[in-house]
Structure formats: C-alpha cells, structure tokens
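What follows is one structure encoded as structure tokens, with my remarks underneath.
The values are calculated or read from the model by the stated rules, or taken from the named source; none is laboratory data. Because the structure is predicted, anything quoted here is derived from the model rather than measured. FYI the Cβ positions are ideal-geometry reconstructions off the backbone, even for glycines, and counts take in every protein chain you see. To get the accessible areas, we keep the full protein, side chains included, count just its heavy atoms, and leave off ligands, DNA and RNA. Shrake-Rupley method; radii C 1.70, N 1.55, O 1.52, S 1.80 Å.
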Amino acid sequence: MYPTNTIREKASLFFHILWPILVTQISYNLMTVLDTMMSGRAGTDDLAGVAVGSSLWMPVYTGLTGIMLAITPMVGQLIGNNRRSDVGRTVMQGFYLAIAISLVVLVIGAIALQPVLGIMDLSTDVHTVATNYLHGLSIGIIPLFASAVLRNFFDAQGYTRVSMIILLMALPINAALNYLLIFGNFGFPELGGAGAGYATAITYWFIFGASVFLTFKLKEMRTHYLFVRWYKVSFQAWKEQLKIGVPMGLSTFFEASIFSVVTLLMGSLFDTTVIAAHQTALNFTTLMFMVPLSISIGMTIVISHEVGARRMNHAKQYAILGVSSALVIIGILSLLLFIFREQISYFYTSDRTVVLLAMQFMLFAIMYQFSDAAQASLQGVLRGYKDVTIPFIIAFISYWIVGLPSGYLLSRYTTLEPFGFWVGITLGLTCAAIGFFLRLRFIQRKQEQAAV
C-alpha cells in the first residue's frame, strides 16, 4: 500500500490489489460450485441434498467470516496511522476469537441440525445426504475461521496475492478429493454428495496450514511475530473486534440468509426438480457475485488506509472508482449469462427438465445483478470508514422486511410461483443499494464538514 494522488494512480493500485482478491474469492466459491456440480453427477437427490446442506451452512459461514473481516479495516487503519507495532496483537486476538466462535458453532450445530432439517418436508434420501454433507463439513470449521483471520491480515497490508496463491493450490486438491470421495474412485468409499463435505473440510485444513506457514516464510509477515508472541486473551480486544465485526457479519448474514431461506422454503413448497434448478441458477450467479464482493473487499482495504491517514478526499475518489467498476463488470457478465445460460446449466446436470427450469431462474437472476453489485461495493466503502451499525440496520430492513416477505407473497399468491422469490430478492437488494448510497453520502458530508 502507498499514497496515490491521481485517478490513474488509484486505478492502478486498486486493480493491482483487486485481481488477486478476485481470484481468491472465485477459488473459494468454486469449491462450492464443484461440490454442487459433482454431486449433481452422482444423482438428483445428491444435488438436492447438497443444496439444502449448503443453504443451511452458507449464511452461518458468511455471517461469521464477516466478523473476521473486521481485521481488515482494523489493521488497515493501524498501518495508515503508523501503528504497526499493534498489528500482531490485534491479529492474534482475532485468531483466538475465531477459535472460540468455531467451538460455539460446532456445539450449536450438533444440537440444532436435526430439528432444523426435520422442519423441512424432505425425502429420506435428500435428508440423509444433507445431514452427512454437513457432518463432513464440520471437521473443517475451526481451520476455516482461523484462516479467514490470516487472509484478512494479508489483505489489509495489500498482500492479496498471498491468499490467491494458497487458494489456487487448494482448488485442485478439493476437486481431487471430491472425485475420490463422491464417486468412490481408487478404492475410496463412495459417499455421494456427503463426500463433498469431507473433501471441502480437508481442503480447509490445507488452507490453514499454508497460511500459518507463510506467516513465518514471508519477510513482510515475520515482522509482526504471529504465532511467536502469544498474548493473553483480551476480552477488551474481542469486544473491539466484535463491535465492528458483528454488524458486518450480520449485514452479510442477512443477505446470504435470504437466499438460503428461499431455498428452504422452496423445499417445503415445491418438488426436488425445482430445488435442483433453483440451486443451479443460484450457484452460478453466486460465482458471478464474487466480482462485486472482491471489489467490496478491495474498497475496504484502500479506503481504510486513506481514512487512517486522514486523506478523506482520496477515499471519496476510491469509492467512485470502485462502485462504477462493479456496475460495468457485472453488466458484461450478465450479458454473457443471458447468452450462455443453457450451456451453463448443462455443467450442473444432464436432466433436461432441470436445465429448462434453471434457464428461467437465470433470467430472473439477471434482474438483480446490478442492485447486488451496487450494494456490495457500497457496503465495502462504508466498512473502510468503520461505519457498520447503520448499514446493518439497512441490510436487515431491506432483506428481511422487504425482500423475503414480498418474495413469499409473490410465490404463494401469484402466477410467478417459485420465480416470485427471485423478484422479492431483487426488491430487497435494490432497497439495500439505495440505503447504503444515502448512508455513504451522509458519512462523506460529515467528513467534509469536520475538515473545514
């Protein structure tokens, strides 16, 4: 990271930071894509079971990794304010907190999984696949959250390529393990969709081990003495991270959970074919979302440094650059999705009925891409300012008061049926984008007045 003065310099630095983040996020998401695609080849019940399992897990994962994401603006502002000596302590406290959160998730999951699955009207085979998929995935929860802290530590300093390299190494490992455990190749047990959960968990352990190794290997990281200096647990430090991280995590949770709840509601209202088609469209459009999500993370990094250095006008210029980039890129991707939606659907399943239905879902998905890109990038800007509480309220109202109820009503009481949920999602994301934009304008005006 370094100060920039012109738009051209800002664009150069931002895209230098962005592209490794994008590769990293796509690689993480490709693990879920591979789980879904390869499980679909094992059978429709396996595809539906993994869809239900991942729908339960994803909001938990995204919400709690949102808490870990607080490390990025915290470290960014420390470095921007020339307080590098405090970075190691901050990151290690985040690591302790990640372990504590992981243990709580495991306990709650053991208690709540079967009652939650029991609420849904699932076939016996789909219920079994979903249960075993989540059991396998649980083995990797601790390394997943712990490595998220280290990834945000690397990113906050502008070393986004570190995480990219780790994920590029992990992706083929995940694919190979899926091949072995889903289909029972080379003498391994044939676990079907459940094998994807075990494969992903093992991959998470690899990612964590590689992340720890690089904190010792890289000269720039060794200066912070991670895993060399072991600090006492500080509940005050946890409180500081939670104060920033919980609203961030909840905002992310509210967005992710609306998709998961929609999948669960579809499981109770429609048949397995609809669930499989919905998951196919959702899975691929989530991969597209990695672009605005990566821009959001990049915005948090560059703006937190500018805010820490009190360069508010430069932070504003970065915000314009990031949001406009997200909208342009997602427009291009949406056009490609429209053109190739049939070919994309066949990557997931050979069932023609599922393919035709998935193609219709993809048309509705294109509707919300611009709102989703805008709200994600704007939220990343606000996080760079450490403004997280009001955005959390905006997210809750948009997704759970506007988006989900309207989608349910449209699905139950209009001819849109399952597609009504996707119209509701579009409404929720649009409300969030408008709310985040108004909040950012308020923050920027407040900063301008303070500078006078």
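Could you tell me what % of all Cα pairs in segment 362-417 have separations over 15 Å? Cα-Cα pairs of segment 362-417 separated by over 15 Å account for 63 percent. Membrane-span-like helices in the chain, defined here as complete DSSP H runs extending at least 18 Å along the helix axis by their C-alpha atoms with mean Kyte-Doolittle hydropathy no lower than -1.0, are 7-42, 44-68, 87-119, 124-138, 141-156, 160-183, 193-217, 235-269, 272-308, 312-348, 352-384, 419-451; this is a sequence and geometry rule, not a statement about a membrane.
Computed over the chain, the range of Cα coordinates on each principal axis works out to 61, 48, 37 Å, biggest value leading.
List the relative contact order of segment 149-224 as a percent without decimals, with contacts defined as Cα pairs under 8 Å and 6+ residues apart. The partial results should precede the final answer.
Details: 59 pairs, mean separation 18.8, N = 76.
Across segment 149-224, relative contact order equals 25 percent.
Within the full protein context, the accessible area of R341 is estimated at about 50 Å² for a probe radius of 1.4 Å. The Kirkwood hydrodynamic radius of segment 159-268, based on inverse pair distances between different Cα atoms, is 17.7 Å. Relative protection proxy for 98-104, 400-406, from highest mean packing down: 400-406, 98-104 (other beta-carbon atoms within 10 angstrom).
Carbon and sulfur together cover what percent of the accessible area of segment 320-410 at a 1.4 Å probe radius? Provide the component values of the computation, followed by the final result.
Details: 2910 of 3740 Å².
On segment 320-410, the fraction of accessible area on carbon and sulfur atoms equals 78 percent.
What would the Debye equation give as log₁₀ I(q)/I(0) for segment 262-329 at q = 0.12, 0.14, 0.24, 0.26 Å⁻¹, counting only Cα atoms as equal point scatterers? The Cα Debye sum returns log10 ratios of -0.51, -0.59, -0.94, -1.02.
Projecting the alpha carbon convex hull of segment 66-172 along each direction and taking the average yields 8.4 nm².
Mind jotting down the distance between the C-alpha centroids of segment 272-313 and segment 353-430, whole Å? Segment 353-430 and segment 272-313 have Cα centres separated by 14 Å. Using heavy atoms of the protein chains and a probe of 1.4 Å, the accessible area assigned to D45 is about 60 Å².
Between segment 81-113 and segment 167-216, the alpha-carbon centres lie 23 Å apart.
Find the accessible area per residue for the chain; the probe is 1.4 Å, ligands and nucleic acids are left out, and the unit is Å². Write down the numbers at each step before the final one.
On the way: 18220 Å² over 452 residues.
Accessible area per residue: 40 Å².
Convex hull volume per residue, computed on the Cα atoms of segment 240-376, equals 108 Å³. Computed over segment 319-452, the P(r) tail beyond 20 angstrom holds 56 percent of alpha carbon pairs. The accessible surface of segment 1-133, taken with every protein chain in place and a 1.4 Å probe, is 63 percent carbon and sulfur.
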